[in-house]
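**Q** I have a structure here, written as structure tokens, and I will follow up with some questions on it.
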Amino acid sequence: VYSSAFDPNWPRAVAIDYYDLLRRFGRYRIVRRGLQERVRSGATDLDTVSRLFSVFSYEGSYQSASELLRGLEARRQGAQTGAARQVWTPRELETIASMFTSIGDYEQASRYLYPLYLTGGLQPASQQREQALYRLFKVMLDAAGTPTRVGSGDLSFYKDVAQVDPHPGFMNGVLSLILAGIDPAAEFRDKEKAAAGYFNRAFAYRIFTAFKEEYARSDYLPEMYLGVVNVFSSLSSTNAGLGAT
């Protein structure tokens with residue numbers, strides 16, 4: 001039952017129950033070894049890799065877990081096999097971003113989250129778009145002072161967006177709000193010496209302001225409001241921040 005309902009982003013308590021059960025029946029090492037052999041054979045399916053990722057996370061081997069996901073990306077791109085590059089589905093992007101987030105690798109998590117906005121599946125007001133926005137918001141807050149792909153304080157994020165989506169607007173929403181009326185180069189030159197946490201939290205707040213307009217009745221809003229309050233409280237900017245909301 002556990003195996004058929006497997007989710008790499010299970011709460012840790014559920015994952016522990018599963019692996020403890022495998023150990024009691026003498027199956028843990030067998031399952032682990034089988035997954036490793038499939039990965040070594042060049043597996044490019046997310047199911048195999050995510051199951052081994054979950055094992056590494058259960059063991060506390062977060063570096064191995066991160067390297068495992070990076071290896072999958074390399075194989076998908078054909079860097080190791082010379083095969084045709086495989087395209088990530090929106091569901092895969094969301095899943096792997098959550099996996100990176102669960103081990104604190106926010107840099108990689110953000111790399112997988114923002115391409116979701118470039119896929120046709122994230123239509124305005126859709127549930128998938130709502131979940132993706134919420135996940136990106138959480139990544140930016142959880143990252144705190146850790147540099148991330150979208151909040152690292154350099155212009156590579158804006159450069160990539162311009163190359164991929166040269167037309168006005170970005171899925172009718174978030175990035176058009178982020179970029180509208182500002183000079184990214186000048187803004188980042190002024191703030192380049194600031195802590196990475198400033199960029200992460202500023203980006204999270206811009207997502208929040210867009211989210212609450214598009215999803216005014218979302219079940220995620222109370223938690224996001226609390227996150228914003230905590231952010232401005234930690235930055236000693238409560239009055240300015242809450243005034244804007």
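**Q** Would you check which residues across region 9-34 are among the acidic types (D, E) and open to solvent by 70 Å² or more (accessible area, probe 1.4 Å) and list them?
**A** D17
**Q** Same structure, new question: Quick one: which of G42, G34 is at positive phi and of a type outside the set (V, I, T)?
**A** G42 is the lone residue from the list that is at positive phi and of a type outside the set (V, I, T).
**Q** I would also like to ask the following. Tell me the residue from E67, E59 that is open to solvent by 50 Å² or more (accessible area, probe 1.4 Å), under 18 Å from the mean Cα position of the chain (by Cα) and of a type in the set (D, E), please.
**A** Result: E67 is the single residue among E67, E59 that is open to solvent by 50 Å² or more (accessible area, probe 1.4 Å), under 18 Å from the mean Cα position of the chain (by Cα) and of a type in the set (D, E).
**Q** Pick from region 210-230 the residues that are part of a helix (DSSP H, G or I) and more than 19 Å from the chain's Cα centre (by Cα): which of them is modelled with the lowest pLDDT?
**A** Applying the filter and picking the extreme gives N230.
**Q** Continuing with this model, one more query. Which residues, counting only those in region 18-35, are closer than 11 Å to Y58 by Cβ and either among the β-branched types (V, I, T) or modelled with pLDDT under 95 (or both)?
**A** Listed by number, the list is empty, since nothing qualifies.
**Q** What number of residues within region 78-128 satisfy the criterion of being modelled with pLDDT of 70 or more and on the phi > 0 side of the Ramachandran plot?
**A** Matching residues across region 78-128 total 3.
**Q** Can you name the number of the only condition in (1) assigned to a helix (DSSP H, G or I); (2) free of Cβ contacts under 8 Å to residues at least 40 places away in the same chain; (3) surrounded by 12 or more Cβ atoms within 10 Å (Cβ to Cβ) that M99 fails?
**A** Just one mismatch for M99, condition (2).
The values are calculated or read from the model by the stated rules, or taken from the named source; none is laboratory data. Computed from a predicted model, the values in this text were never measured in an experiment. Virtual Cβ from ideal backbone geometry, glycine too; neighbours counted across all protein chains shown. Note: areas computed on protein heavy atoms with side chains; ligands, DNA, RNA excluded. Shrake-Rupley method; radii C 1.70, N 1.55, O 1.52, S 1.80 Å.
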